[in-house]
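Input: a single structure, listed below in structure tokens.
The values are calculated or read from the model by the stated rules, or taken from the named source; none is laboratory data. Everything numeric here is computed off the predicted structure, so don't read it as measured data. Note that each Cβ is placed from the backbone with ideal geometry, even for glycine, and that neighbours are counted across all protein chains shown.
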Amino acid sequence: MYICSCSAVTESEIIDAIHNHDTKTVIDLINKVGVCAGCGTCEEELERIIDRERKKKRERNPELYQSLDKLVNALLQDDSD
């Protein structure tokens with residue numbers, strides 16, 4: 001199924017970019033797979049896919065993300081001192 005009809009980009013191509021090519025934002029997807037090159041109506045769906053796949057990554061590696069969250073919080077606290 002095409003998520004971006006203007007550029008003929010499928011959901012599987014988007015998911016591949018997210019998981020295998022360090023793609024984290026719609027801007028990253030624009031640069032990597034060429035979505036949103038025409039009308040831009042796919043942008044909301046792209047955000048939903050990014051959020052969904054990010055959650056999947058967190059669910060597969062909860063210990064890693066908990067450790068990263070702690071590190072980020074510690075760094076943010078250091079900056080506020």
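Structure notes:
- Enumeration of residues in the stretch 7-63 that are assigned to a helix (DSSP H, G or I), buried (at least 17 other Cβ atoms within 10 Å of the Cβ) and of a type in the set (A, V, I, L, M, F, W, C): 14, 15, 17, 18, 26, 29, 30, 33, 46, 49, 50
Residues checked against (1) over 19 Å from residue 24 (Cβ atoms); (2) touching a strand residue (DSSP E or B) at 6+ places or on another chain (Cβ under 9 Å); (3) small (Gly, Ala, Ser):
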position	(1), (2), (3)
42	no, yes, no
46	no, yes, no
51	no, no, no
55	no, no, no
58	no, no, no
74	yes, no, yes
77	yes, no, no
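- Any hit, the stretch 70-80, residues being within 12 Å of the chain's Cα centre (by Cα) and in a helix (DSSP H, G or I): no
- Selection count where residues are among the acidic types (Asp, Glu), closer than 19 Å to residue 8 by Cβ and at pLDDT below 90, scope the stretch 19-58: 0
- Contact annotation: no residue pair with Cβ atoms under 9 Å, 6 or more positions apart or on different chains, pairs a residue in the stretch 64-78 that is on the phi > 0 side of the Ramachandran plot with a partner that is part of a helix (DSSP H, G or I).
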